[in-house]
Amino acid sequence: MSDARVRRPGEAAFAVIITAFSGFLLWTAYRISGFEALSSPGALPMASAATMVVSAVMIAAQTLRSKPADGQSLRRDIMPMPIVLTIVMVGAYALLLKPLGFLPTSFLFVAILIRVLGGQGIVFCATVSASSILLIYIVFRVIFNVIMPEGIVPEREILAFFGRLWPAGQ
Amino acid sequence: MQALNAFLIPILDLQLLGLVAIGTFAGIYVGAIPGLSVTMAVSILISFTFKWDVYPALSLMIGIFMGGVYGGSRTAILLNIPGAPAAIATALDGYPMAKRGEAGEAIGITTVMSFFGGFMGIIALAVAAPLVSEFALKFQPRDYMLLAVLGILLVGSLSGDSLVKGVFAGALGILIGTVGLDPLTMADRFTFQMPELRGGISFIAVMIGMFGISEALMQLHDVNKAAVKQKISRIVPSWGTVVKYLPLSLQSGSIGVIIGALPGTGGDIAALMAYDHAKRVTPNPEVPFGEGAREGLVAPETANNAAVGGAFIPMMTLGIPGDAVTAIMIGALFIHGLNPGPMLMIEKPDMFWFIVGALTMANCFMLLFGLTGIKVFVKIVEMPRSVLIPLIFLLSIVGAYAVNGSLSDVYWMLAFGVLGYFMKLYGYQLGPVILGVILSRLLDDNWRRAIISDQESLWLLLKGTVTSPLSALLLLSVLAIVLSKTKLWRRWRGQAA
């Protein structure tokens, strides 16, 4: 990286955080087996953590030396609202997946996100969300046999019902 | 005879043939839609196919890989947005052709030339891989260790402007790969006394996070960007056009094979180098380069597809992935109980020939699907990102959850997705992270074998390295990469120039 490179908003903080985190990892790696032997289980973790520390320090020094980028802001260029909202929603999805189940959580997730990101009407969002989730469900649950949390939807009973309608397909 | 039988499996078995076809078809669309990438698709796909038999799973993934490398050119031509890094050079002349109303012709040329390139790569793989793997049997543990370090450094140095950031990313990947119980001594490594960490961090969660979530988050910056509409003209190029550009295609394909076979390089570098070559060997094109020169399509498109076969050579023979996509392919082979490297070529040569057969069929399907259905395709790529991106997130979450039925994998995916997003924003390369995760076991095993056989002595290890021609060459290559990025080297080169 050349020194002439400009520093984006938040880049210096990121560089400092990864340096501190690398230091913590080096300490944790040292605690695996210390300097017991070169073939010890902690040897590679220590070597990689030490490499991280050295490179992170170099990156931090270069980043702190570089000039801040003109006309960029953290809120607009690095963490705009759609990105923050999306990260929060993915976290919320993971939290609700077990209690609510795959179908309702996914429906809400996709419909809300389309609405937030594109500003489309509620009917459009609900239709796109429902149809795409139905397709994903058929492909992954029915064809690939990927088991997703059922939650409040009695999926097994529903699938068994459809199974009885097409007994030859079972 | 055994090789021929294995080669014919994906051709004669209708189920496998169908999966290669579906994969190639899906790959073309995945590669073409901005915001979706081959790496993302293959990493998500592993999570759904890991329970399958190895042949069907590989058939689908190889199809996606081959189709995806080609598919990137479609949006490069139609929208001036390369669907994949390998299609960056294609946009330079493809989009000006589309603006002149020649989008159909541009797509036709890229498809036929990608087909030629794909075959050149496959032939090179079939001829070179058995020879390389025989040679690789002479490798010592220290050679594998150096080769792994070399691969990570090359990806780090070539895929970004900063070697230091590449080194950081590679070391981070290696460290992530060591999390869990040490397979030799059962010692806890970075488990923080949490039972769920003892099995390690699912590399699929890391991959989906780094390539799926982070890319989708990046796409949110341009969520409301409107697609450019294009008219489609004649698609299949005339025989005269094909013959005219065949010599350039052969030269570019050779560049693609060689570049693709080098660890750390891939279709993107091959395409750019071939584009540069085309400019040098075509001093008087009918249309200037950058304004819609057909040579500017022929060279990169032949090269990037030739690089696919090339990239399989180090992957299959040495177990060293050339780039992020082949790193993920190695991960897929691991999941199916296969260990790529010279022993795989000896113990299971049928697997190698099966892959060659599947690549061949994927290449044929690429030609077929590439020249058809373009009008429908145009409609699909015009899908608003505000609809596409939520679906990418959903597929990523389902993919991360499906492997172990574990929510912690979803949290890891999200964490690595956010980390990957910031790393991308601030110029850190993500390829070395995945390479590090994949190669960490190989590095750990071979480092310990090497140092134990040298009686725990660094001096003996170093002595062994410098006295063995192969080890010395690998060590020199590692040092050369590091040295080439130092200020001292730049200053010396500046003076020499």
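Where a number appears in this text, it was derived from the coordinates with a stated rule and is not lab data. Nothing here was measured: the structure is a model prediction, and the numbers come from that model. Here Cβ is always computed from backbone atoms with ideal geometry, including for glycine, and neighbour counts include all displayed protein chains.
Just a few scattered comments:
- If R0 is taken as 22 Å, the Cβ-Cβ distance between B:Thr372 and B:Leu14 corresponds to a FRET efficiency of 0.60.
- Sites B:Val243 and A:Tyr30 - FRET efficiency at Förster radius 51 Å, r taken between beta-carbons, to 0.05: 0.20
- From the C-alpha gyration tensor of the protein assembly as shown, square roots of 5λ in Å: 35, 32, 28
- Each Cα pair under 8 Å and six or more residues apart adds its sequence gap; the mean of these over the residue count of chain B is a relative contact order of 28 percent.
- Dipole orientation for the protein assembly as shown: of the candidates B:Ile320, B:Thr24, A:Ala92, A:Ala92 has the Cα lying most toward the positive pole (charges on Cβ; Lys, Arg +1; Asp, Glu -1).
- FRET efficiency, 1/(1 + (r/R0)^6) with R0 45 Å, evaluated for B:Lys99 and A:Glu157 via beta carbons: 0.20
- Kyte-Doolittle at least 0.0, axis length at least 27 Å by Cα - qualifying DSSP helices, chain A: A:11-33, A:43-65, A:81-100
- Pair-distance profile P(r), taking every C-alpha pair of chain B, with 10 angstrom steps and integer %: 4, 20, 30, 27, 14, 4, 1
- Euclidean distance between Cα centres, region B:95-126 to region B:31-77, Å: 19 Å
- Over 19 Å between alpha carbons, listed pairs A:Lys67/B:Lys485; B:Lys99/B:Lys375; B:Lys99/B:Lys279: A:Lys67/B:Lys485; B:Lys99/B:Lys279
- Pairwise centroid distance, computed over Cα atoms, of region B:152-224 with region B:429-474, Å: 20 Å
- Charge dipole magnitude, Cβ of K and R +1, D and E -1 - chain B, Cα centre, debye nearest 20: 1000 debye
- Options A:Ser33, A:Val153, A:Ala43, ranked by Cα towards positive dipole end of region A:12-170, top entry (Cβ charges): A:Val153
- Length-normalised contact order of region B:1-103 in % [C-alpha pairs under 8 Å, at least 6 apart]: 28 percent
- The spacing between region A:1-73 and region B:389-409, judged by their C-alpha centroids, is 29 Å.
- A simple spin-label model places the labels of B:Val281 and B:Met1 4.2 nm from each other, with each point 7 Å out along Cα-to-Cβ.
- Between B:Ile452 and B:Lys51, the simple label model (points 7 Å from Cα in the Cβ direction) yields a spacing of 3.7 nm.
- Cα lying deepest toward the dipole's positive end in the protein assembly as shown, options B:Ser254, A:Val139, B:Ala87, charges on Cβ: B:Ala87
- Helix axis angle, B:324-335 relative to chain B longest principal axis, alpha carbon, degrees: 60 degrees
- Rounded to the nearest 20 debye, dipole of region B:319-409 from Cβ charges on Lys, Arg, Asp, Glu: 340 debye
- Prolate/oblate/rounded call for region B:365-497, Cα gyration tensor, a/c under 1.5 rounded: prolate
- Chain A shape via C-alpha gyration tensor axes, a/c threshold 1.5: oblate
- As a ratio to 2.2 N^0.38 Å, the alpha-carbon radius of gyration for region B:72-215 is 1.48.
- Here region B:425-481 was treated as a single set of alpha-carbon atoms; its pair distances binned every 10 Å from 0 give 20, 37, 31, 10, 1 percent.
- Alpha-carbon Rg with Dmax, taken over region B:1-144, Å: 17.8, 57
- For the pair A:Leu95 and A:Thr127, label points projected 7 Å from Cα toward Cβ lie 3.3 nm apart.
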